[in-house]
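To start, the structure itself, in structure tokens.
The values are calculated or read from the model by the stated rules, or taken from the named source; none is laboratory data. Values in this document were obtained by computation on a predicted structure and should not be read as measured data. Note that we place each Cβ from the backbone using ideal geometry, even for glycine, and neighbour counts take in every protein chain shown.
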Number of protein chains: 2
Amino acid sequence: MPHTKNDKFRLGLVQTACAADPNQNLAKAVWKIREAASRGAQIVCLEELFRSEYFCREENADLFALAEPVPGPTTETLRALARELGVVIVASLFERRAAGLYHNTAAVIDADGALLGTYRKTHIPDDPCYYEKFYFTPGDLGFPSFETRYGRIAVLVCWDQWYPEAARLAALGGPTVLFYPTAIGWHQHEKEQHGAAQRDAWITIQRAHAIANGVYVAAVNRVGVERTLEFWGSSFVAGPFGEILAQASTDKEETLVVDCDPRQVEEVRRNWPFLRDRRIDAYGPILQRWGE
Amino acid sequence: MPHTKNDKFRLGLVQTACAADPNQNLAKAVWKIREAASRGAQIVCLEELFRSEYFCREENADLFALAEPVPGPTTETLRALARELGVVIVASLFERRAAGLYHNTAAVIDADGALLGTYRKTHIPDDPCYYEKFYFTPGDLGFPSFETRYGRIAVLVCWDQWYPEAARLAALGGPTVLFYPTAIGWHQHEKEQHGAAQRDAWITIQRAHAIANGVYVAAVNRVGVERTLEFWGSSFVAGPFGEILAQASTDKEETLVVDCDPRQVEEVRRNWPFLRDRRIDAYGPILQRWGE
């Protein structure tokens, strides 16, 4: 029977460490996607900027060479793989849009190999060792949803996860799942003092996006130590009432395979009808920078 | 030395069970506020609709008799108490604004007894045994902050706590603390199956408001069984990175007294500068009901 809108589907979250060589990372991603598909995953999401080490740890104009067009070589490889395996692939890429114009972009490839579209990271951080404002122009594609063969999904990227506005805007497009490809980690010098609280806040705010919007949230983070950054993994899927359905370790490569049921979204929203009561007439000042 | 803007201040959260007699509840509130003040509390918040049992469990027009003007008798009593003790009082009241026009309103009384202003609950629930849409017109006062003697605060009420928009809008007014007077509990028949997840979601989403906005969150809930509803208490204060600083039990009357430091808000926001990067140019569709 063909897959219908209310049928369950199976997510695959690929948590890996990245090597210096982009081709090695792509080969690993292909292998991991095959493995996830063999475990029944139908929508597979890779971590943020999976083709390289987290280059934003320094401001270095030579590193723009890591960027590529989208569509481009990586999406070509992944489109062929998606078609072969019959899986949807969500891939986070360093997009070269034009000379001097780059984005942190997620490509959504359907199970027939079609590039359904892209999302460009809306909120760009700039913190010590996360110098993303140097590399990425803030996204200008809004918060689209993508109707894939197996389910309707939206993608947000890393720093977006701290913004309830982004989750809400994506959720209003009707996805069953919000994906968050991510590259977040500890500064090794502050891990002991602040590490547990940082990771906990990161999980908590994303679980809250699931709760506020009655959607599944799938966060896909990298692991491994890259110079002074220790990426904390902990990739997870939360159900539409915020419950953790599966979670990976902080330090190992792992692929989570998790079922996702659109009927559960229906059920949770019937019992917790938050969308019914949004006061859109009262939210105007949310478009302001500050209250004064 | 007079209290200055950057000085710490001490919150008091009064978690009680309510009796059928409104005067008995007021007497208890006065006693509990005195007790909190004796423990050094400077801003004391009562639970939602503390003057009565949770009457919204049924739709009964006779119960509009519980309402009163604001300012009115209860604020008069609490203003005198605030002045006597030198404490700020946040009191949730059933406001009669005009014949046939009622609100679920929080009054903020400064430490000199002045009524600084009111907030009217923006999001009104309607669920089995929480028939609030029958009683309350949705609030029309926006999301104000109040500059009290000890600190700048904002108040949201119960169902508002499920809306990230409300927390953000209140936070943009610059408060150090968001208070949530609340009356939330378990339906006894579903407590065993869903109770833990419901309470956990309630805590999680409010901690997320603290994280997203870099503010303290103080939730003040009632306890006790009223017919088929079992209010789950669990009043708590979260710090500006979402960490739980104190939490009350699910079934006992308790007053939490918790220090709150505006410098901690400054510190957290310097390290997690979420407010810097809000994409107000991209948030327009948040004023829409749905994405299509």
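Would a scan of segment A:39-50 turn up a residue that is out of contact with any Asp or Glu (no Cβ under 6 Å at 6 or more places or on another chain), among the acidic types (Asp, Glu) and crowded, with 20+ Cβ neighbours inside 10 Å? Yes; the residues of segment A:39-50 include at least one that is out of contact with any Asp or Glu (no Cβ under 6 Å at 6 or more places or on another chain), among the acidic types (Asp, Glu) and crowded, with 20+ Cβ neighbours inside 10 Å. Checking A:Ala201, A:Ala167 one by one, the residue that is facing chain B (nearest Cβ under 8 Å), of a type outside the set (D, E, K, R), assigned to a helix (DSSP H, G or I) and within 21 Å of A:Gln264 (Cβ to Cβ) is A:Ala167 and no other.
Selection of segment B:114-164 for residues being within 9 Å of chain A (Cβ to nearest Cβ), among the small types (Gly, Ala, Ser) and either surrounded by fewer than 21 Cβ atoms within 10 Å (Cβ to Cβ) or touching a residue at least 40 places away in the same chain (Cβ under 8 Å) (or both) yields only B:Gly142. For segment A:226-240, filtering for residues that are in contact with a Ser or Thr (Cβ under 8 Å, 6 or more places away or on another chain) and not polar (S, T, N, Q) leaves 2. If I filter segment A:177-194 for residues that are within 10 Å of another protein chain (Cβ to nearest Cβ), surrounded by fewer than 24 Cβ atoms within 10 Å (Cβ to Cβ), modelled with pLDDT of 95 or more and not in a helix (DSSP H, G or I), do I get at least one hit? No: zero hits. Taking segment B:1-50 as the range and being under 25 Å from B:Arg120 (Cα atoms) and assigned to a helix (DSSP H, G or I) as the test, the residues that pass are B:Pro22, B:Asn23, B:Gln24, B:Asn25, B:Leu26, B:Ala27, B:Lys28, B:Ala29, B:Val30, B:Lys32, B:Ile33. Just to check your reading of the model, which residue among A:Arg222, A:Arg269, A:Arg227 is buried (at least 16 other Cβ atoms within 10 Å of the Cβ), more than 10 Å from every other protein chain (Cβ to nearest Cβ) and either aromatic (Phe, Trp, Tyr) or under 23 Å from A:Phe55 (Cβ atoms) (or both)? Of A:Arg222, A:Arg269, A:Arg227, the one residue that is buried (at least 16 other Cβ atoms within 10 Å of the Cβ), more than 10 Å from every other protein chain (Cβ to nearest Cβ) and either aromatic (Phe, Trp, Tyr) or under 23 Å from A:Phe55 (Cβ atoms) (or both) is A:Arg222.
For A:Gly284, the stated conditions hold: it is surrounded by fewer than 20 Cβ atoms within 10 Å (Cβ to Cβ), within 14 Å of another protein chain (Cβ to nearest Cβ) and touching a helix residue (DSSP H, G or I) at 6+ places or on another chain (Cβ under 8 Å). Among the residues making up segment A:204-219, those that are at the interface with chain B (Cβ under 9 Å from one of its Cβ atoms) and either within 18 Å of A:Ala183 (Cβ to Cβ) or at pLDDT below 95 (or both) are A:Ile205, A:Gln206.
Any chance segment B:77-84 includes a residue that's over 19 Å from B:Leu26 (Cα atoms) and hydroxyl-bearing (Ser, Thr, Tyr)? So far as segment B:77-84 goes, no, none of its residues is over 19 Å from B:Leu26 (Cα atoms) and hydroxyl-bearing (Ser, Thr, Tyr).
Taking the numbered list (1) facing chain B (nearest Cβ under 10 Å); (2) touching a helix residue (DSSP H, G or I) at 6+ places or on another chain (Cβ under 9 Å) in turn, A:Val257 passes all entries but (1). Among the residues of segment B:88-113, those that are without any contact (Cβ under 8 Å) to a residue 60 or more places away in the chain and either assigned to a loop (DSSP other than H, G, I, E, B) or among the β-branched types (Val, Ile, Thr) (or both) comprise B:Ile89, B:Ala99, B:Gly100, B:Thr105, B:Val108, B:Ile109, B:Asp110, B:Asp112, B:Gly113.
Matching residues to (1) of a type in the set (Asp, Glu); (2) touching a Pro at 6+ places or on another chain (Cβ under 9 Å); (3) over 20 Å from B:Leu11 (Cβ atoms):
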residue	(1), (2), (3)
B:Thr77	no, no, yes
B:Ala80	no, no, yes
B:Leu85	no, no, no
B:Arg96	no, yes, yes
B:His103	no, yes, yes
B:Ala106	no, yes, no
B:Ile109	no, no, no
B:Thr122	no, yes, yes
B:Tyr135	no, no, yes
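Considering only residues that are within 12 Å of chain B (Cβ to nearest Cβ) and in contact with a Leu (Cβ under 7 Å, 6 or more places away or on another chain), which ones fall in segment A:230-247? Result: A:Ala238, A:Gly239.
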